[in-house]
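Only one structure is covered here, and it is reproduced in the block below.
The values are calculated or read from the model by the stated rules, or taken from the named source; none is laboratory data. Keep in mind that what you see is a predicted model, and the values were worked out from it rather than measured. Positions of Cβ are generated from backbone atoms using ideal geometry, with glycine treated the same way; all protein chains shown enter the neighbour counts.
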Amino acid sequence: MIPQKDIDKTVDIESNTYDGWTLFYLFRALLYNIDDEEIDFSLIKETSGSSIRVVEMVVKVVGEEVVAVPAGTYSCYKVELSVAGLIGMLFWPVKYHYYFKKDDPHCFVKYVDPDGECIELLKYEIIK
């Protein structure tokens, strides 16, 4: 159970539930098990009015692309995040795309949201 901010209520969550800060762990787990077609999970989303909503989501690898960002050019897996089920098809049919290096440890390279907002890797170095 997670207490809602400034509200005396709780939300029951299952073990396959993530928040926005921990999604990358789920995405990288998918890349280490690339034979999995997709992973269904619940996402905890804070909404306006300080309430919490649990949304059923699905993440899957939809392809491979060569991606050029300020940090360089990388061969990447393209990971797609979307709302699952009928709600995703009818009411929230948007897709969020993340790009991760194909090589271990599958570092984040780029993110593109449905509105075209883009976050890119600016620098990448291995410190020994």
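Conditions (1) at pLDDT 95 or above; (2) surrounded by 13 or more Cβ atoms within 10 Å (Cβ to Cβ); (3) out of contact with any helix residue (DSSP H, G or I) (no Cβ under 6 Å at 6 or more places or on another chain), marked per residue:
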site	(1), (2), (3)
Val69	yes, yes, yes
Tyr74	yes, yes, yes
Val83	no, yes, yes
Leu86	no, no, yes
Phe91	no, no, yes
Tyr96	no, yes, yes
Asp103	no, no, yes
His106	no, yes, no
Val109	yes, yes, yes
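Contact map, the stretch 59-70: first residue more than 13 Å from Leu122 (Cβ to Cβ) and touching a residue at least 40 places away in the same chain (Cβ under 8 Å), second residue assigned to a strand (DSSP E or B) and basic (Lys, Arg), Cβ cut-off under 8 Å, separation 6 or more or different chains; pairs are Val67/Lys110.
The C-beta contact set for the stretch 80-98 (first residue under 29 Å from Ala68 (Cβ atoms) and of a type in the set (Lys, Arg), second residue in a strand (DSSP E or B) and at pLDDT 85 or above, distance under 8 angstrom, 6+ apart or interchain) comprises Lys95/Glu80; Lys95/Leu81; Lys95/Ser82.
Restricting attention to the stretch 1-34 and to residues that are in a loop (DSSP other than H, G, I, E, B) and at pLDDT 75 or above, the residue that is nearest to Lys78 (Cα to Cα) turns out to be Ile34.
Exactly one residue out of Lys128, Lys78 is of a type in the set (Lys, Arg) and more than 17 Å from Ala29 (Cα to Cα): that is Lys128.
Hey, can you tell me all the residues within the stretch 37-64 that are in contact with a Leu (Cβ under 6 Å, 6 or more places away or on another chain) and at pLDDT below 85?
Val55
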